[in-house]
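First the structure, then my questions, so here it is.
The values are calculated or read from the model by the stated rules, or taken from the named source; none is laboratory data. Computed from a predicted model, the values in this text were never measured in an experiment. Ideal geometry is used to build each Cβ from the backbone, glycine not excepted, and the neighbour counts take in all protein chains shown. Please note that ligands, DNA and RNA were not included when accessible areas were found on the heavy atoms of the full protein model with its side chains. Shrake-Rupley method; radii C 1.70, N 1.55, O 1.52, S 1.80 Å.
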Amino acid sequence: MTEFKYAHKLASKDTILTHLKECDNLFIPPLSETIDLDQYSGKISTHAETFEVWTKERLISLVAAYLNDFERKVGFITNVSTSPEYTGNGLAQNLLKNCIDHAKKLGFISLMLQVHCENAVAINLYKKFAFVEVMLKASQITMSLDLLKK
């Protein structure tokens, strides 16, 4: 049986990069087709709050959010990913909950994210947490979660 270890802000840039490469084809379209994974992993490790699941020394699930707009108190979830062989274990769901709880503790009033309109699995996950669609632009849906609602 696999033992999962939950962590906050432990992953290095290189660890995040390795994880994103493992998950690349789970994104619609593949993440590497839309952004430079090396730069993105550096940005996440430097500027984002990361919520992580590890097995031994391997990062297998990651939620990354920018929780640094203390003026507007709006956060942005930039990544939700789980390594292919670990999908379906509820890891991303648990990390999303951890991220939402952390944003509330920091006094944020909402969280935003973007998802491809064809990614039904991700959209359904976000809707479980009461994210609602607020905008459709090209193939990207912007969703928002009101953190002040009970």
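Does the range 13-27 contain any residue that is of a type outside the set (A, V, I, L, M, F, W, C) and in contact with a His (Cβ under 9 Å, 6 or more places away or on another chain)?
no
I've got another one for you. Can you name the residue in the range 1-26 that is within 18 Å of residue 99 (Cβ to Cβ) and of a type in the set (Lys, Arg) and, of all such residues, is least open to solvent (accessible area, probe 1.4 Å)?
Top of the filtered list is 9.
If I filter the range 27-34 for residues that are among the aromatic types (Phe, Trp, Tyr), outside any helix (DSSP H, G or I), out of contact with any Ser or Thr (no Cβ under 7 Å at 6 or more places or on another chain) and crowded, with 18+ Cβ neighbours inside 10 Å, do I get at least one hit?
The answer is yes, given that some residue of the range 27-34 is among the aromatic types (Phe, Trp, Tyr), outside any helix (DSSP H, G or I), out of contact with any Ser or Thr (no Cβ under 7 Å at 6 or more places or on another chain) and crowded, with 18+ Cβ neighbours inside 10 Å.
Residue 94 is checked against (1) touching a residue at least 60 places away in the same chain (Cβ under 8 Å); (2) buried (at least 21 other Cβ atoms within 10 Å of the Cβ); (3) outside any strand (DSSP E or B) and fails just one. What number does that condition carry?
(2)
Find all pairs meeting these conditions: Cβ atoms under 6 angstrom apart; at least six residues apart or on different chains; first residue within the range 131-148 and within 21 Å of residue 108 (Cβ to Cβ); second residue of a type in the set (Asp, Glu) and part of a strand (DSSP E or B).
Between residues of the range 131-148 that are within 21 Å of residue 108 (Cβ to Cβ) and residues that are of a type in the set (Asp, Glu) and part of a strand (DSSP E or B), the close pairs are 141/133; 143/133.
Let me spell it out: the conditions are (1) in a helix (DSSP H, G or I); (2) modelled with pLDDT under 95, and residue 88 meets all of them except one. Which number is the exception?
(1)
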